[in-house]
Each structure stands twice: as C-alpha cells, then as structure tokens.
1. Can you sort 123, 66, 6 from fewest to most other Cβ atoms within 10 Å of each residue's own Cβ?
2. Taking the Cβ of each residue in 56, 142 as the centre, tally the other Cβ atoms inside 10 Å and list the residues starting with the fewest.
3. At 7 Å along Cα-to-Cβ for each site, give me the label-to-label distance between residue 29 and residue 52 in nm.
4. With the crude spin-label approximation of a point 7 Å out along Cα→Cβ, what separation in nm comes out for residue 116 versus residue 141?
5. Multiply the residue gap between residue 130 and residue 9 by 0.36 nm, knock off their C-alpha separation, and tell me the result in nm, one decimal place.
6. Can you put 104, 122, 2 in order, fewest other beta carbons within 10 Å first?
7. Compute the FRET efficiency between residue 149 and residue 97 as 1/(1 + (r/R0)^6), taking r as their Cβ-Cβ distance and R0 = 30 Å, and round to the nearest 0.05.
8. By how many nm would the segment from residue 109 to residue 157 grow when fully extended, if each residue of separation counts as 0.36 nm and the alpha-carbon distance is taken off?
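Quick note: the coordinates plus some simple rules give every number you see, no bench work behind them. Keep in mind that what you see is a predicted model, and the values were worked out from it rather than measured. Positions of Cβ are generated from backbone atoms using ideal geometry, with glycine treated the same way; all protein chains shown enter the neighbour counts.
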C-alpha cells in the first residue's frame, strides 16, 4: 500500500484473506491503522484444551467436520507441502501476534470460529468483537449490509 502512495490504511480479510490480513497486522510497519477479519486465525493453546467451554467444543467440531467433508483441496495440497512451504518460510509455525487495533466479526455459519480467549492470544488489541446470528463464509456476499456495518464499526477508531 505504501508503494501505491498510501501512508495510512486499514486491511480487511476473510478466508485466506484472514491469514494475509493477520500477517499484515503482525508486521506492524506503522502504516496499517487496524485490521478487520471475519475468520480469526486463532486456535486453543495446550492449556485451553484442558478447559474447553461448550461453545469452544462446538467450534472445534465444526473445524473437524470441515476437514473431513469439505477440505479436499487442502488434503491434496498437504501431499505437496513445498507448494506453500516457500511462501511461509519467513514466519514461524502458528499464528503470529498482532498488536495493532483489530476487529473480529464471526458470522454464524463460518467454516471455523474461535473463542474470544483464543483470539486474545493472537490479537492483543481487539477493539470490536461480534458474533452474528446469520451469514457464513461468504459474508460480504450473503449479508452485504451487515458486513459493511461490521467493517465500519471495526474501523471507527481509525478515523
């Protein structure tokens, strides 16, 4: 964005864009004023696994069902890990820490959801957190007005 002439910007992403947006936030180069994601890149710590809430058990169940029934392309890619390995070589395993302001909107039927405590371990300055009662993986297409409201609420701090 800086190369394009933007000294200050925000970033938003879902699906793979959530990972990319998280990495933009983790770099914190002083230009990104905040991020908003609708599929948080956050998983339970080993300590969390010993004390899961009913909601968190449900989140993990949804992830397991997705992996078993809908992640064929991921399974194919997992047989050739070098495809992604080079691109991830600069980052350690696991989700990095994001210290810039972050917003998270979890739509009801997203593939994977994370609890607030899992997200707090990655996104250390969450300014907006909302779990919505409708929408899914393609929230911007499925619920465009709600999606826009969420993005606006998330970036109010950046005005």
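1. 6, 66, 123
2. With the fewest neighbours first, 56, 142 line up as 142, 56.
3. 3.8 nm
4. 3.2 nm
5. Taking 0.36 nm per residue and subtracting the Cα distance, the gain is 41.3 nm.
6. Least crowded to most crowded, the residues run 2, 122, 104.
7. 0.60
8. The residue 109-residue 157 span can extend by a further 14.5 nm.
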